[in-house]
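Note sheet for the following structure.
Just so you know, all these numbers are worked out from the coordinates, no wet-lab data involved. Computed from a predicted structure; not experimentally measured. Cβ: placed from backbone, ideal geometry, glycine included. Neighbour counts: every protein chain shown.
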Amino acid sequence: MGSDSIIFHIDMDGFFSSVEVREDPSLKGLPVVVGSDPKGGEGRGVVSTCSYEAREYGIHSAMPISKAYRLCPDAVFLPVNMQLYHQVSENIMELLKSYASGFQQVSVDEAYLDVTGIVSNYEEAAKLARKIKDHIRTSEGITCSIGIAPNKTVAKIASDYEKPDGLTVVTPDSVREFLYPLDVSKIPGVGAKSQIILEKMGIRTIGDIGRTDVQLLIAKFGKSGIRFKKIANGTYSSEIVEHRLIKSISKEDTFEEDVADTNVVKKTLAILSEQVHTRLLRKGFVFRTVNLKVRFSDFSTYTRSVTLSAYSNDKMSIYRTALRMFSEFEGMGSFRLVGVGVSKLVKMDEKQRRLDDFFDVD
Ligand code: TTP
Ligand code: MG
């Protein structure tokens, strides 16, 4: 990323709750909490997110749902509808890609865009950002906040600056002016622990970090100290990492000898489904389409696919769907090869995965 780069960081406002409000406009203006069942204050799960109205009661992501209930029992509590949010996310990411020369999705509701070369200055960049915001609002019915800056870190801090429905432009010559007054907690990676240490060093603002000798920071934070210093001065930059999009995951098996016994083939389908499922989880995806490939001993090859009504990461739905497709070929001859695959993949968000862990405990 050169020094003349123009980077956008785009983050949806109250993403899950915004989608819920879009689905049911009668919720507009109400405190809406998306998360596990509060069970009248006895629920043991956590809040995924909440509307800005609910935030006024002190409710926030990752808070125990029982606490959220205590803070605002009259809030509208809704379960997590991940399929829906993934669908909206997918639409938004597709839309965003079309505006950028470089694109990096960071989570279900957040992405970096490199628009260097698409716009030639910050005025044009701001115009483009307004256009993107309008596009998302009209096509997906929700708002987002955009930060524009010469690098990713400053863009991320900027997108958070005027949430919700914000647009913050930080030109290269106003980076310090923008960063210096902000609290150190605005630096990505500075959590409660680091804040306590910084506080003891008399450091409260990003400007304080900028003015502190880097050696002192290194003594307390190691390598992170260098990063904090660079971020404070607006010179920390990392590349936009384009994800090579994985379109499908599949496994196939050629039998040592052609197999006529369909029970043997079915067992192989079970093993292949298991292997595909393991890779799917490792890559962190959910799927919607299951694919089957069969090759007969005469090399004639057939593929079939079924798209499910919903995204899934369930092993049995891979296997059962494969079996269902396979039934068409039973008794038609002996098989040389079978393969199972999944496609229409969507990244299962990191944050949500952590949340799912909470739900398991419940
Ligand atoms: P965020 O962008 O962090 O939050 P948000 O979009 O709800 O609100 P903001 O306006 O402040 O950006 O996360 C995006 C979604 O990820 C969020 O809507 C729900 C989910 N999420 C969780 O499920 N658990 C969490 O702890 C967090 C932080 C987010
Ligand atoms: Mg968000």
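Assorted remarks:
- From least to most packed, judged by other beta carbons within 10 angstrom and beginning with the fewest, 98, 17, 237 follow the order 98, 237, 17.
- Mean projected area (nm²) of the alpha-carbon convex hull when the chain is viewed from all directions: 22.9 nm²
- Pairs over the 26 Å Cα-Cα cut-off, from the set 156/193; 156/223; 163/200: 163/200.
- Amide H contacts of residue 78: 33, 34, 35, each under 5 Å away and 5 or more positions distant or on a separate chain (H built 1.01 Å from N in the peptide plane; Pro and chain starts excluded).
- Whole-Å distance, taken between Cα centres, linking the stretch 11-37 and the stretch 167-181: 31 Å
- Assuming charge only on the beta carbon of Lys and Arg (+1) and of Asp and Glu (-1), the dipole of the stretch 248-352 about its Cα centre is about 600 debye to the nearest 20.
- Whole-Hz ³J(HN,Hα) from phi, Karplus 6.51 cos²θ - 1.76 cosθ + 1.60, for the stretch 217-224, glycine and proline x: 5, 5, 4, 8, 10, x, 4, 4
- Restraint check, 97/344; 267/347; 67/229, Cα-Cα greater than 25 Å: 267/347; 67/229
- Loop sites in the stretch 57-130: trypsin sites (Lys or Arg not before Pro), DSSP, at most 16 other Cβ within 10 Å: none
- Helix 82-97 axis, angle to the chain major axis (alpha carbon atoms, nearest 10°): 70 degrees
- Here the ratio of the Cα radius of gyration of the stretch 15-82 to 2.2 N^0.38 Å is 0.95.
- Cα-centred dipole magnitude for the chain, charges only on beta-carbon of K, R (+1) and D, E (-1), debye, nearest 20: 700 debye
- Given 15 as the ceiling on other Cβ atoms within 10 Å, longest exposed-site-free region of the chain for GluC sites (Glu not before Pro) in DSSP loops: 57-161
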